[in-house]
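The next block holds one structure in the form of structure tokens; read it before the comments.
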Amino acid sequence: MNSRLQAGALLLLAACATPPPEGPKGPVTFPPPPDPPRMLFLRSVSSGEDVEPRESSWLANIVVGEEQGDQKPMGKPCAVSFHDGCFFVTDTEMQCIFRLDLVNKKAEPIDLQGRAKVVAPMAVRFAPNGNVYVADRGRKQVVVLDANFQWLKELGPWEDKSGPTDLAIWQDRLYVVDAGASCLRVLDLDTGKELQVLGKAENKDEFCRGPTNVAVDDNGFVYLVDAIYMRIVVWDKDGKFVRHVGKSGDAPGYLARPKGVTYADQMLWICDNAFNNCQILDLDGRPLMFFGGAGDTPGCMSHPRMVSVFREGLDQFRAELAQDPDFVAERLVVVTNLWGKKINFYAFGKSKSAHFHYEDVPLPAQPTTPPEPAPAPADAPK
């Protein structure tokens, strides 16, 4: 690793070792002051009342009930996508996909009828042509909808125990995490034809027992989280095994109960239930920083499920960004939680006045040195 990058990473890790103080009086940043911030907490959404007034909130009137004065949380939100100025959130407990319009203060479930109706939606992704792909573990299928959320077709089930939990789209391919069958399916995006099945190879490196989520980088490298083996398995665009990222442990860069993963700007962002945080690693698996942490104060997490990083959407948080005019936001980061504050919004960026503290070293597109091999799980194939 470049020495400057390594020094910067160690500095960030040391800075992130202490969570924000209880009851922060100013903007919540990670790492906390006096270190220069890289992450600014914006706001949380846990119910329709967090988006629109009670008198017009579907979630307050129908789910909570007008007669209840307290604010009930959402069910179990999983994945978040941003499309056409709105956030789309899958909720397995509510059996729906919510559309959150933070600008116009609207929160409502999408009306899915007939064959478009979802049972346990885990992920929602928008294809370049406008079609919508929903991973539904309850239906054991991927449901394909048009731009108006009308049914087009369904893909699967591929096996009796199939259970799609996440999706990724890269060029003409659709990657489907089939947690029920413990594998990653590579499909043709247009036809749905199965091209490859990854994670079932009878060797210790590629074999997966608990796949949960998947991400694909700009060059087509595929990153599959295995929550049981506590590692990320990496294949190239042709399905050839490349390496592992992470291994079991309780220090920065290690994994304990990894869940959601996403790729952005040559970095991997990984949620971990055990740590109640999100780690940012380079593509070698070396830790750069983490944010979140257990607790009920702003910016903390409770059983984080998925993380998403968007280039768009920051304009919906002008008021929140104004609380720290010194912070320059570059990306919008969204983390869903099973408990506590259900959806946390953060901005990733830099401080204008502290720019000289940051290590401006480009991260490699792919590792330049062979990674240290992780020990094979005891029950992996020989």
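Values quoted throughout were computed directly from the atomic coordinates according to the rules given, and no laboratory measurement underlies them. Note that the structure is a prediction, hence the values are computed from the model and not measured. A quick note on method: Cβ atoms are made from the backbone with ideal geometry, for glycine too, and the neighbour counts reach across all protein chains shown.
For a bin width of 10 Å, list the pair-distance distribution of the stretch 113-256 built from all Cα-Cα distances, rounded to whole %. Bin by bin from 0 Å, the calculated values are 12, 43, 32, 11, 1. Counting every other Cβ atom within 10 Å of each residue's Cβ, 166, 91, 205 order from fewest to most as 205, 91, 166.
Which distance in nm do the two modelled labels at residue 129 and residue 228 give, with both placed 7 Å along the Cα-to-Cβ direction? If labels sit at residue 129 and residue 228, their model points lie 3.6 nm apart. Given R₀ = 22 Å, FRET efficiency for residue 294-residue 248 by Cβ-Cβ distance, to 0.05? Efficiency, rounded to the nearest 0.05: 0.65.
Counting only Cα atoms, the size of the stretch 226-316 along its three principal axes is 42, 33, 20 Å, in decreasing order.
Summing Lys, Arg as +1 and Asp, Glu as -1, what charge do residues with Cβ under 10 Å from the Cβ of residue 130 carry, residue 130 excluded? Neighbourhood net charge equals -2. Put in line by how crowded their Cβ is, counting other Cβ atoms within 10 Å and starting with the fewest, 257, 305, 311 read 311, 257, 305. For the stretch 282-296, putting each phi into the Karplus relation 6.51 cos²θ - 1.76 cosθ + 1.60 with θ = phi - 60° gives couplings of 7, 6, 7, x, 7, x, 9, 5, 9, 8, x, x, 5, x, 10 Hz, in residue order, rounded to whole numbers and with x for Gly and Pro. How many angstrom lie between the C-alpha centres of the stretch 277-335 and the stretch 103-125? Distance between centres, Cα-based: 25 Å. Remark: spin-label model distance residue 169-residue 328 equals 3.2 nm, labels positioned 7 Å along the Cα→Cβ axis. Using bins of 10 Å that start at zero, the share of Cα-Cα pairs per bin across the stretch 249-296 amounts to 29, 59, 11, 0, in whole %.
Sorting 90, 297 from the fewest to the most surrounding beta carbons within 10 angstrom yields 297, 90.
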